[in-house]
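Step one of this worksheet: look at the structure below.
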């Protein structure tokens with residue numbers, strides 16, 4: 001596990017961008033296109049804003065989502081809206097984008113669409129909530145056992161967390177562990193050290209209270225950045 005505790009958010013963002021830049025250039029030596037999956041929420045906004053200004057071959061990069069809320073894509077709660085506003089700008093405007101919400105389509109059709117190309121994801125930037133959730137794998141979602149089962153083939157599944165708004169589409173454990181390059185970014189922010197304590201506990205092994213622990217146990221090569 002590559003765990004880095006940074007002094008502040010600025011240092012954390014710079015370190016993540018340095019890793020992304022190196023990873024992108026290395027991958028493009030072997031392939032013509034990269035698919036990068038990103039998470040939503042407020043935490044990655046500063047990272048997205050800075051990342052969008054970096055000079056990398058954005059025209060060869062397709063951005064997709066780790067998870068999405070079932071809402072209109074122009075809603076402030078939409079991860080797609082967040083990405084279009086804060087990441088697909090500046091130099092990153094030339095990147096492609098594959099969203100998870102298909103207007104006027106039912107959930108199964110959206111899941112089928114997402115799962116058609118999930119194996120193309122090369123790199124994912126994950127976050128973690130105070131309850132240890134990552135992607136849309138919440139500890140209280142009725143689909144928890146399906147979400148943390150590494151042997152269930154569909155990578156994108158539907159989850160309905162009790163503690164959070166909206167039905168969601170998100171990668172489950174079987175999908176997350178198949179992604180070659182994983183970055184976990186955790187900023188404690190106004191919540192003090194709560195997330196850092198959760199992370200430390202999750203690193204000790206499987207804990208149903210902290211869904212992230214199942215991923216950390218399965219993948220020892222995740223790059224973890226915290227501040």
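Here is the figure for segment 134-154: residues that are farther than 18 Å from residue 71 by Cβ and surrounded by 23 or more Cβ atoms within 10 Å (Cβ to Cβ) total 3. Filtering segment 25-56 to residues that are exposed (fewer than 15 other Cβ atoms within 10 Å of the Cβ) and on the phi < 0 side of the Ramachandran plot leaves 25, 26, 29, 30, 31, 32, 33, 42, 45, 53, 55.
Residues that are modelled with pLDDT of 90 or more, within 17 Å of the chain's Cα centre (by Cα) and within 21 Å of residue 37 (Cβ to Cβ) number at least 3 in the following helices (runs of 4 or more DSSP H) confined to segment 135-227: 173-176, 212-218. The selection criterion, being over 30 Å from residue 55 (Cβ atoms), in a loop (DSSP other than H, G, I, E, B) and under 15 Å from the mean Cα position of the chain (by Cα), holds for residue 129.
Within segment 103-122, being loosely packed, with under 15 Cβ neighbours inside 10 Å and either without any contact (Cβ under 8 Å) to a residue 12 or more places away in the chain or out of contact with any strand residue (DSSP E or B) (no Cβ under 6 Å at 6 or more places or on another chain) (or both) holds for 103, 104, 105, 106, 108, 109, 112, 116, 117, 119. For segment 161-177, indicate whether the set of residues that are farther than 19 Å from residue 144 by Cβ and touching a helix residue (DSSP H, G or I) at 6+ places or on another chain (Cβ under 7 Å) is non-empty. No: segment 161-177 contains no residue that is farther than 19 Å from residue 144 by Cβ and touching a helix residue (DSSP H, G or I) at 6+ places or on another chain (Cβ under 7 Å).
The values are calculated or read from the model by the stated rules, or taken from the named source; none is laboratory data. Model, not experiment: these values are computed from the prediction. FYI the Cβ positions are ideal-geometry reconstructions off the backbone, even for glycines, and counts take in every protein chain you see.
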